[in-house]
Amino acid sequence: MATTRYRRIVLKLSGEALSGNNGFGIEPSVINSIATQVKEVAELGVEVAVVVGGGNIWRGKVGSEMGMDRATADYMGMLATVMNSLALQDSLENLGIPTRVQTSIEMRQVAEPYIRRRAIRHLEKKRVVIFAGGTGNPYFSTDTTAALRAAEIEADVILMAKNNVDGVYSDDPKINKEAVKYDQLSYLDLLNEGLGVMDSTASSLCMDNDIPLIVFSITEDGNIKKAVLGENIGTIVRRQTK
């Protein structure tokens, strides 16, 4: 068995990553590809937790722009993450990977409530744990959820999977052909340069708890495994650059 660099990881998936090129909803081939990549990592003995966004179904920002109360719009976004989490759970279990969904907002008929010790126990038993419902509070993003859960379960790294972007750039590479890709950055670089990889709350939480972040493309098969094995892909963000 290959030697992995990380024992326990948090995989952060955006909702858009599940929609493929459609931009909305869940593309079966895409979610099955992601589940297959997660299976590869789980079979290496790595403990895998996943945080899924909901932007492929609903964005709280859109609701606010419509004149909706911000808290209500954000709660709707949390429900969207539950739908995505259940879809991912189904794909993983179809591949024979035992999986648990834990939600920050209780809905016992659908998933377990989030309990830190129970989540850690599932991970120790090599079950994939999917954290749904964000933090359970409005005004916080799923990036912040990933940082918070990573700190709580003492994860070694956050793997931030992007759709069609293979790392962190100085500018949008789709617009600016002169944009430069970074191999490594510090969290202060993210905050000072406003690179938009994750929101400032999430960045600060990762920096304060010394949790490294790897930003990479999910569209290339095998990238999750490469990241776990310590191969040089994407961009790594640390408290301090080496």
In segment 183-197, residues that are touching a helix residue (DSSP H, G or I) at 6+ places or on another chain (Cβ under 8 Å), modelled with pLDDT of 90 or more and buried (at least 20 other Cβ atoms within 10 Å of the Cβ) total 1
Tabulated pairs, segment 55-78, first over 15 Å from Glu16 (Cα atoms), second of a type in the set (Phe, Trp, Tyr) and open to solvent by less than 70 Å² (accessible area, probe 1.4 Å), C-beta under 6 angstrom, 6+ apart or interchain: Met76/Trp58
Just wondering, is there one or more residues in segment 215-233 that are of a type outside the set (S, T, N, Q), farther than 19 Å from Asp166 by Cβ and crowded, with 16+ Cβ neighbours inside 10 Å? no
Please enumerate the residues belonging to segment 179-209 that are closer than 12 Å to Ile236 by Cβ and among the hydroxyl-bearing types (Ser, Thr, Tyr). Tyr182, Ser186, Tyr187
Since Glu47 meets every condition but one in (1) of a type in the set (D, E, K, R); (2) closer than 20 Å to Arg121 by Cβ; (3) without any contact (Cβ under 8 Å) to a residue 60 or more places away in the chain, which condition does it not meet? (3)
Kindly indicate which of Arg59, Arg100, Arg70 is among the basic types (Lys, Arg) and touching a strand residue (DSSP E or B) at 6+ places or on another chain (Cβ under 9 Å). Arg100
Give segment 53-70 a look and list any residue that's surrounded by fewer than 22 Cβ atoms within 10 Å (Cβ to Cβ) and in a helix (DSSP H, G or I), or say none. Lys61, Val62, Gly63, Ser64, Glu65, Arg70
Going by the structure shown, is Ile175 on the phi < 0 side of the Ramachandran plot and not in a helix (DSSP H, G or I)? yes
How about segment 1-33: which of its residues are part of a helix (DSSP H, G or I) and among the hydroxyl-bearing types (Ser, Thr, Tyr)? Ser19, Ser29, Ser33
Only unsatisfied item for Leu18, checking (1) free of Cβ contacts under 8 Å to residues at least 40 places away in the same chain; (2) crowded, with 24+ Cβ neighbours inside 10 Å, is (1)
If Gln102 satisfies all but one of (1) touching a Gly at 6+ places or on another chain (Cβ under 9 Å); (2) assigned to a loop (DSSP other than H, G, I, E, B); (3) not aliphatic (A, V, I, L, M), what's the number of the condition it fails? (2)
Asn21: passes all of (1) closer than 18 Å to Val215 by Cβ; (2) at pLDDT below 90; (3) not hydrophobic (A, V, I, L, M, F, W, C) but (1)
Going through segment 128-167 in order, the residues found to be closer than 24 Å to Glu27 by Cα and without any contact (Cβ under 8 Å) to a residue 40 or more places away in the chain are none
Does Thr142 meet the test of being out of contact with any Phe, Trp or Tyr (no Cβ under 8 Å at 6 or more places or on another chain), within 30 Å of Glu43 (Cβ to Cβ) and open to solvent by less than 70 Å² (accessible area, probe 1.4 Å)? yes
Counted residues, segment 71-127 - those being among the charged types (D, E, K, R), surrounded by fewer than 18 Cβ atoms within 10 Å (Cβ to Cβ) and either in contact with a Pro (Cβ under 7 Å, 6 or more places away or on another chain) or at pLDDT below 95 (or both): 2
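The values are calculated or read from the model by the stated rules, or taken from the named source; none is laboratory data. Note that this is a predicted model, so its numbers are computed, not measured. FYI the Cβ positions are ideal-geometry reconstructions off the backbone, even for glycines, and counts take in every protein chain you see. The accessibility values were calculated without ligands, DNA or RNA, using every heavy atom of the protein model including side chains. Shrake-Rupley method; radii C 1.70, N 1.55, O 1.52, S 1.80 Å.
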